[in-house]
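These notes concern the structure reproduced below.
Nothing in this text is a laboratory measurement; each read-out follows from the coordinates by a stated rule. Since this is a predicted model, take the numbers as computed values, not measurements. As a convention, Cβ positions derive from the backbone with ideal geometry for all residues, glycine included, and neighbour counts pool all protein chains shown.
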């Protein structure tokens, strides 16, 4: 049988892991946003280069 303190320790561990997972998900969303911004920037620079070369 599991005693109360062991259950409390496991509950704290689960909560800690949940918070860590949320932080990782937040960071992944930030990274995805940065990647999207870089893709837009790359496309703009490519078009500007093409326009410059066609002159």
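With respect to the stated conditions, residue 8 fails to be under 24 Å from the mean Cα position of the chain (by Cα) and without any contact (Cβ under 8 Å) to a residue 60 or more places away in the chain. Of all residues in segment 16-55, which are over 20 Å from the mean Cα position of the chain (by Cα) and assigned to a helix (DSSP H, G or I)? Residues satisfying the conditions are 42, 43, 44, 45, 46, 47, 48, 49, 50, 51, 52, 53.
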